[in-house]
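Data first, discussion second: the structure below is written as structure tokens.
Laboratory data are not the source of any read-out in this text; all were calculated from the coordinates shown. Every value quoted in this text rests on a predicted model; they were computed, and no experiment measured them. Glycine gets a Cβ as well: all are built from the backbone with ideal geometry, and neighbour counts include every protein chain shown.
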Amino acid sequence: MTIKEIKAKSILRKHKKIDSWFLSGYGMNLYRGCAHNCVYCDGRAEKYYVEGEFGLDVAVKVNAIDILKRELDPKRKRKPPRSSYIMLGGGVGDCYQPADNKYSLSRQTLELLDFYNLPVHVLTKSTLIERDMDILKSINNKKRAVISFSFSSMDEKISALFEPGVPAPDKRLDTLLKFKKQGFACGMFLMPVIPFITDGPELIEQSVKSAAKTGLDFIIFGGMTLKPGRQKDYFMNVLRASYPQLAPQYDLIYTDSQWGEATREYYQSINQTFFTLARAYGMPVRMPLRLYSDILDENDRVVVLLEHIDYLLKMKGERSYFGYAAYSVSQVKEPLSSVREKLGTLKGVGPDIKRVILDILDTGRSSYYDKLSGNRV
Ligand code: SF4
């Protein structure tokens with residue numbers, strides 16, 4: 001592995017719209033590149049401009065903490081920061097990859113978030129996060145720290161091939177259990193599932209069952225993308241070496257779309273499998289309201305609930321305009337409760353969706369969402 005120390009100009013990235021998967025309004029990359037070297041990682045795609053050989057070359061933003069100090073300092077801001085989780089992880093490099101043993105950028109970031117009383121959502125595949133349990137506890141006591149791990153399945157052999165640089169799935173689950181026992185909200189991101197390898201009902205059920213048994217608060221599911229270019233070429237080479245018989249099936253579902261999506265029919269079928277199993281095990285498939293009702297402001301809470309309703313309706317095979325309405329609401333600058341009478345003029349907000357929004361503004365929750373989710377998912 002080659003480490004290159006670089007200077008970044010900025011660290012905190014504000015999302016244009018609240019992210020309803022992670023409930024974050026801000027994200028960051030402390031590293032560029034990732035020594036975990038997952039075969040399917042989309043950080044490898046040209047679109048992200050990660051220099052060098054992905055998986056071997058890692059750039060460390062050595063001035064990240066100084067910049068973050070400035071970016072988080074409320075005295076330097078005209079407006080208070082958006083009230084949401086700050087996302088640590090994901091993007092183009094795991095925040096707890098091996099380089100963090102030496103540089104501790106994740107820990108120092110958490111210390112800053114703790115100092116400024118900000119909630120955090122950490123997503124990783126590394127058990128190194130246990131090193132920072134103490135500081136995460138402090139954040140969790142004051143605000144909240146959500147700990148999530150990603151998995152492609154619970155199968156150790158498949159993981160060793162496709163996720164060569166990370167601890168085995170049961171070790172990741174052990175770490176989640178340790179955090180759970182310390183009172184943290186914890187989640188599993190079962191994504192990406194690998195087509196025709198980890199997307200079958202047996203392996204999905206094993207993951208859902210493990211999440212339920214560990215007492216996780218949610219499980220979020222997603223299929224794999226393969227962007228044409230470096231990401232797809234690298235993945236297909238590994239696939240052809242170990243599963244040559246599957247290559248023609250990949251050609252059928254990945255038709256080289258710009259964003260690397262598989263066909264809609266393929267995603268629908270795996271989503272259905274997952275959704276049925278998650279319901280059977282009583283696992284929430286989105287982050288539950290109790291994890292964000294005290295964190296998001298009313299506009300963002302409405303956006304998230306509308307998007308969660310959109311997801312549930314689509315999982316049930318129904319047509320939904322809730323996602324479109326969520327986008328319109330996300331563009332409103334004033335507090336929604338101050339423009340109640342204008343809600344019906346927003347694009348995508350018809351009488352039914354307006355009723356749902358008013359319910360959220362009046363009660364802080366959505367009875368329609370509760371009904372759709374059976375109060376659990
Ligand atoms: S841990 Fe995440 S960022 Fe790192 S290689 Fe794997 S998928 Fe990519």
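Values as computed for the structure displayed
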item	result
Three-way shape label, the stretch 17-69, alpha-carbon gyration tensor, a/c 1.5	oblate
Farthest positive-ward along the stretch 177-283 dipole, Cα basis, beta-carbon charges - from Ile270, Ala185, Pro228	Ala185
Point-charge dipole on Cβ atoms (K/R +1, D/E -1) for the stretch 200-243, about Cα centre, debye to 20	220
Added length on full extension, which subtracts the Cα-Cα distance from 0.36 nm per residue, Arg290 to Tyr324	9.8 nm
Once the Cα gyration tensor of the stretch 118-178 is diagonalised, semi-axes √(5λ) in Å	26, 10, 9
Counting DSSP beta bridges with both ends in the chain, the antiparallel % (nearest 5)	20
Length gained when the stretch Glu111-Phe196 is fully extended (0.36 nm per residue, less Cα-Cα span)	26.4 nm
For Val92, net neighbour charge (Lys/Arg +1, Asp/Glu -1) across residues whose Cβ lies under 15 Å away	+2
Span from the the stretch 187-246 Cα centroid across to the the stretch 293-363 one, whole angstrom	31
Cα-centre dipole for the chain with unit charges at Cβ (Lys and Arg positive, Asp and Glu negative), debye to 20	1220
Nonlocal amide H pairs with Glu261, under 5 Å, H built at 1.01 Å	Leu226
Fewest-first ranking of Ser207, Ser269, Ser338, Ser83, using other Cβ atoms within 10 Å as the exposure measure	Ser338, Ser269, Ser83, Ser207
Ranked Phe196, Phe179, criterion: other C-beta atoms within 10 Å, fewest first	Phe196, Phe179
Value at 222 nm in deg cm²/dmol, rounded to 500, when DSSP H runs of n ≥ 4 in the chain each add -39,500 (n - 2.57)	-12000 deg cm²/dmol
Cβ-derived FRET efficiency at R0 22 Å, Ala160 paired with Asn237, nearest 0.05	0.80
Table column - 3J(HN,Hα) (Hz), the stretch 200-211, Karplus curve with 6.51, -1.76, 1.60, x for Gly and Pro	x, x, 5, 5, 5, 4, 4, 5, 4, 5, 5, 5
Normalised contact order of the chain, rounded percent, pairs of Cα under 8 Å and 6 or more residues apart	14
Inter-label distance, nm, simple model (7 Å from Cα along the C-beta direction), Leu177/Ser10	4.3
Alpha-carbon spread of the stretch 112-215, three principal axes, descending order, Å	46, 26, 19
Cα gyration tensor, the stretch 289-349 - rounded (a/c under 1.5), prolate or oblate	oblate
Longest segment of the chain lacking GluC sites (Glu not before Pro) that sit in a DSSP loop with at most 14 other Cβ atoms within 10 Å	54-317
Difference of contour (0.36 nm per residue) and Cα-Cα distance, Thr345 to Glu51	101.2 nm
Calculated FRET value between Thr255 and Lys75, using beta carbons and R₀ = 45 Å, to 0.05	0.30
